[in-house]
Amino acid sequence: MKKYSYIIAFFILSTAALAQNNHQQYEGIDSVKHGSFNPNEAHSFHEWFKNGHVSGLFRSNTIQTFRPSSNSFHAASGLGGRIYYHSAYWHGLQVGVGGIYTYNILSTDLSETADHEFNPKWEHQLFDLEDPQNKHDLDRLEELFIKYRFKDSYIKFGKMVLNTPLVNPQDSRMKPSAFQGLWLDWNEGHKFEINGGFLNKVSPRSTTEWISMSESIGLYDRLLGDDTTHREVHTKGLALLGGHYIPNEHISFHSWQYYIENVSFITFNQLEFDVRDLNFGLQYYYQSTTHENEYTDIDHTNHTISARAKWVGDRLQISYNHTQSLSDNGIIFPSEWGGEPFYTTISRHRIIGLENVNSKALKLDLQPFDNWKSLNIGIYGVNSSFNNSNEESSLTQLSFDMQTQFRGEWSDLRLRLLNSYFIPKGYQEEHFHYESIFHSQLILNYRF
């Protein structure tokens, strides 16, 4: 009962406080950012390294989950950081290297052999999914690249962190997803930009090893216990291409193409425009299987649209968001490669893999104090209905998400407090969301 009272009090106390930007647009403290665009120029080989730039962060991350019906409680607290070194530019060339270290400071039993009434999914993901009992050897090489810059464009080869709608760090744990391959960014057209590349390896979020794209597909399902079957997928990697057209400050258009070799093709398009204090957005997702494989059916196709209408005030934003499947099949894309880009998306709420999705979200963002502009507080409610084993099911999530940057000499310290309450309906007994859940997370980042 003490645990139950603690979670209830923590949730109510947090929601009693009153974010400026939409949840999807706000660059939270759990996003990857470092000095990858070091402007220093070197005039010799010695200066190439001497004039380089070191950056990184220290992170404290605590997660806890409580199920009142079964009186189950799990918690985990991690401490770690990241260090990146990027050289200066010499004849347009730059090299970079960076790594992550993590320590399991305190946690309940997260091992697979423990007697759990449910899988401690979120706490499990804080460290090493492949070895839940590992508390110390949690370091990873995250960046190792060479880059050539020409004017405002560049080409990069090696290990790197990328951020696209479907391939991204999804960095709310201790270790984000990172990728290996070739990346090109052409930005000479001012209003028009093209970027893309080919990726052949990935180190998924919450893991410590670099593996092939083939091996990564379905990894989370196997490690988290939702899928005990091993579906072997053969692909050389992922090719992706993005085009971006922003003619003025009121209109923006983005189009992304993803081709998983020997698996499927995906296109994701987004159009947004502003009319005075109103913002409207429309997204279209299409997926089609290209070859027979063990991951998707040969006739699998999916059409999904997502729309947003948002009113923007001086210290208040409110938006209505709706995502609707236009086909019976669900979206199939490896969650090991990134989070979802839809307008209804909030932290801990996914629709990828669900069939006949009808998702609605109401988002309220407040910036309550003029003298504390970095204090962003969001209150979100999402309801997603879908088919689960040919039965109608739904998941309602209520979230309070506070993010802020401190002031003065502590301006590099940032905090995020996320509290969520999940209300499932129609889920099967063995599913993770088979009963109501209280969930909270506290992240502290100090960037340097």
* Asked: Just wondering, is there one or more residues in segment 31-42 that are open to solvent by 20 Å² or more (accessible area, probe 1.4 Å), over 19 Å from the mean Cα position of the chain (by Cα) and at pLDDT 85 or above?
  -> no
* To do: Please name all residue pairs, on different chains or six or more residues apart, with Cβ atoms under 6 Å, provided the first residue is in segment 54-82 and is under 20 Å from Asp401 (Cβ atoms) and of a type in the set (Gly, Ala, Ser) and the second residue is part of a strand (DSSP E or B) and open to solvent by less than 10 Å² (accessible area, probe 1.4 Å).
  => Ala76/Ile63; Gly78/Asn61; Gly78/Thr102
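Does segment 111-120 contain any residue that is surrounded by 15 or more Cβ atoms within 10 Å (Cβ to Cβ) and under 20 Å from the mean Cα position of the chain (by Cα)? Before the answer, list the steps.
Of segment 111-120, the ones surrounded by 15 or more Cβ atoms within 10 Å (Cβ to Cβ) are 116, 118-120.
Checking the rest, the ones that are also under 20 Å from the mean Cα position of the chain (by Cα) come to 120.
Looking for residues that are surrounded by 15 or more Cβ atoms within 10 Å (Cβ to Cβ) and under 20 Å from the mean Cα position of the chain (by Cα), one finds at least one in segment 111-120, hence yes.
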* Among all residue pairs at least 6 apart or on different chains, which show Cβ distances below 6 Å where the first residue, located in segment 266-289, is under 16 Å from Thr345 (Cβ atoms) and the second is not in a strand (DSSP E or B)? -> Phe268/Pro165
* **Hits in segment 125-173 (condition: of a type in the set (Lys, Arg), closer than 27 Å to Glu41 by Cβ and assigned to a strand (DSSP E or B))** => Lys147, Arg149, Lys156, Lys159
* **Residue in segment 174-188 that is nearest to Ile260 (Cα to Cα), counting only those that are open to solvent by 30 Å² or more (accessible area, probe 1.4 Å) and part of a loop (DSSP other than H, G, I, E, B)** => Asn187
* When you go through (1) open to solvent by less than 20 Å² (accessible area, probe 1.4 Å); (2) touching a helix residue (DSSP H, G or I) at 6+ places or on another chain (Cβ under 8 Å) one by one for His234, which number turns out not to apply? -> (1)
* Structure fact -> A careful count of residues in segment 245-289 that are under 19 Å from Gly189 (Cα atoms) and not in a strand (DSSP E or B) gives 2
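Applying the selection to segment 297-306, what residues are open to solvent by less than 40 Å² (accessible area, probe 1.4 Å), closer than 16 Å to Ser359 by Cβ and not β-branched (Val, Ile, Thr)? Walk me through how you get there before you give the answer.
Quick first cut of segment 297-306, residues open to solvent by less than 40 Å² (accessible area, probe 1.4 Å) only: 300, 302, 304, 306.
From what's left, closer than 16 Å to Ser359 by Cβ: 302, 304, 306.
Once the filter is applied, which keeps residues that are open to solvent by less than 40 Å² (accessible area, probe 1.4 Å), closer than 16 Å to Ser359 by Cβ and not β-branched (Val, Ile, Thr), segment 297-306 yields Asn302, Ser306.
For (1) open to solvent by less than 10 Å² (accessible area, probe 1.4 Å); (2) outside any strand (DSSP E or B); (3) at pLDDT below 95; (4) of a type outside the set (Val, Ile, Thr), each residue gets a yes or a no:
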{"position": "Ile332", "(1), (2), (3), (4)": "no, yes, yes, no"}
{"position": "Gly353", "(1), (2), (3), (4)": "no, yes, yes, yes"}
{"position": "Asn358", "(1), (2), (3), (4)": "no, no, no, yes"}
{"position": "Ala361", "(1), (2), (3), (4)": "yes, no, no, yes"}
{"position": "Leu364", "(1), (2), (3), (4)": "no, no, no, yes"}
{"position": "Ile379", "(1), (2), (3), (4)": "no, no, no, no"}
{"position": "Asn383", "(1), (2), (3), (4)": "no, no, no, yes"}
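The values are calculated or read from the model by the stated rules, or taken from the named source; none is laboratory data. On a predicted model such as this, the values are computed, not experimentally measured, just so you know. Virtual Cβ from ideal backbone geometry, glycine too; neighbours counted across all protein chains shown. Accessible surface areas use protein heavy atoms only, side chains included; no ligands, DNA or RNA. Shrake-Rupley method; radii C 1.70, N 1.55, O 1.52, S 1.80 Å.
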